[in-house]
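Participant: Got a structure for you, written out below as C-alpha cells; questions coming shortly.
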C-alpha cells in the first residue's frame, strides 16, 4: 500500500492505517469515538485512564477486530517501571481483546530509562502473541534515531509539529532501511499553533493558522505515518477532519507560513494566548 495523504502502511508492521489517529486524552466523549469510527479512523491510542476510548470501541472490536489498530503502553515512572506484563494484561481487559497491535513504553525522557533489558522484556511479550509490535514514546530524539538505525523498535511515537521540527534532523534520516512506524503527537503544540503568540514578533495584521493547518503540516511529511488528534469534543473532531480532508498537503506558501509561525511560537516563553487570539474552532 503506497502512502497517500490520508492512508498508508505503518512502517514495517504492515498494518494499514489512516494517517489521522485518535486519542481520548482530553475526554472528547464516547460519541466522538463513534464518529471517528464512522469517519474511517482506525488507529486508536489509549492511556490506562481513557475509559471513554475503551467504551467507545468495544462494540466495533467485538465484530471487526482486525480492522482496527490498538496502541497503548506501560508508563515510565522515572524511578522505575511498573510490572510490564501485568500492565499488558490490564490493557487487554480494558479493550476486551486478546492482543494489542502496538504496545509501547510511554514517556521515555532519557536513554537510560529504556535499557536493553527492558527492550528484551518487551520483545518477550511480543513472542507470546499478545503483542504484535513494540515501541516507545519519547522526547529523546537522538535516542529514537539510534533505535531506528539499530532496528530496536517497531514503532516510534515522537513529537513533531511546526514549532518542534527537530525530528526531521534527528530521527527521520535514520528510519531506513529498518522502516519503523512513526506516530507523531502534539501536532498543535497544545493549541499554541493556532493562537497568536502574545509577545512574539508576529505582525498583528497577519493571520494565524487554523487547527487543520497544524495537522496538515505534520501529514505533509511522508516520514510520519500517523498523526495523533486529541479533540475535546465532537465538534472539534469534525471540524479538524473536514479541514484535513479538504485541504490536503500544505502548499509551498502554506508550509513556509507554518514554519515562520512555528518559529514564533517556539520562541514565546510567556503566557499562553493573547486576549485577541485567533478565535477559531477546534483544539488539539
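The values are calculated or read from the model by the stated rules, or taken from the named source; none is laboratory data. Only a predicted model underlies this, so the values are computations on that prediction, with no experimental measurement involved. Cβ: placed from backbone, ideal geometry, glycine included. Neighbour counts: every protein chain shown.
Participant: Would you point out which residue out of 162, 153 is crowded, with 22+ Cβ neighbours inside 10 Å, at pLDDT 95 or above and in contact with a strand residue (DSSP E or B) (Cβ under 6 Å, 6 or more places away or on another chain)?
Facilitator: Being crowded, with 22+ Cβ neighbours inside 10 Å, at pLDDT 95 or above and in contact with a strand residue (DSSP E or B) (Cβ under 6 Å, 6 or more places away or on another chain) holds for just one of 162, 153, which is 153.
Participant: How many of the residues in the range 149-175 are in contact with a helix residue (DSSP H, G or I) (Cβ under 8 Å, 6 or more places away or on another chain) and in a loop (DSSP other than H, G, I, E, B)?
Facilitator: 12
Participant: Quick one: would you say residue 179 is under 16 Å from residue 265 (Cβ atoms), touching a residue at least 24 places away in the same chain (Cβ under 8 Å) and either more than 15 Å from the chain's Cα centre (by Cα) or surrounded by fewer than 22 Cβ atoms within 10 Å (Cβ to Cβ) (or both)?
Facilitator: Answer is no for this residue.
Participant: What's the total number of residues in the range 62-93 that are surrounded by fewer than 18 Cβ atoms within 10 Å (Cβ to Cβ), in contact (Cβ under 8 Å) with a residue 24 or more places away in the chain and closer than 24 Å to residue 16 by Cα?
Facilitator: 3
Participant: Is it the case that residue 178 is part of a loop (DSSP other than H, G, I, E, B) and more than 17 Å from residue 228 (Cβ to Cβ)?
Facilitator: yes
Participant: Oh, and also: Output the number of residues of the range 10-57 satisfying the condition of being closer than 20 Å to residue 131 by Cβ, in contact with a helix residue (DSSP H, G or I) (Cβ under 8 Å, 6 or more places away or on another chain) and in a helix (DSSP H, G or I).
Facilitator: Residues flagged as closer than 20 Å to residue 131 by Cβ, in contact with a helix residue (DSSP H, G or I) (Cβ under 8 Å, 6 or more places away or on another chain) and in a helix (DSSP H, G or I) within the range 10-57 amount to 3.
Participant: Given (1) within 23 Å of residue 154 (Cβ to Cβ); (2) in contact (Cβ under 8 Å) with a residue 24 or more places away in the chain; (3) surrounded by fewer than 16 Cβ atoms within 10 Å (Cβ to Cβ), identify the lone condition not met by residue 14.
Facilitator: Among (1) within 23 Å of residue 154 (Cβ to Cβ); (2) in contact (Cβ under 8 Å) with a residue 24 or more places away in the chain; (3) surrounded by fewer than 16 Cβ atoms within 10 Å (Cβ to Cβ), the lone unmet condition for residue 14 is (2).
Participant: Take the residues of the range 210-240 that are under 17 Å from residue 184 (Cβ atoms) and out of contact with any helix residue (DSSP H, G or I) (no Cβ under 8 Å at 6 or more places or on another chain): which is surrounded by the fewest Cβ atoms within 10 Å (Cβ to Cβ)?
Facilitator: Quick first cut of the range 210-240, residues under 17 Å from residue 184 (Cβ atoms) only: 211-231, 240.
Still in the list and also out of contact with any helix residue (DSSP H, G or I) (no Cβ under 8 Å at 6 or more places or on another chain): 218, 222, 226, 228, 230.
Working: 218: 26, 222: 12, 226: 30, 228: 22, 230: 22.
Ranking the qualifying residues of the range 210-240, first place goes to 222.
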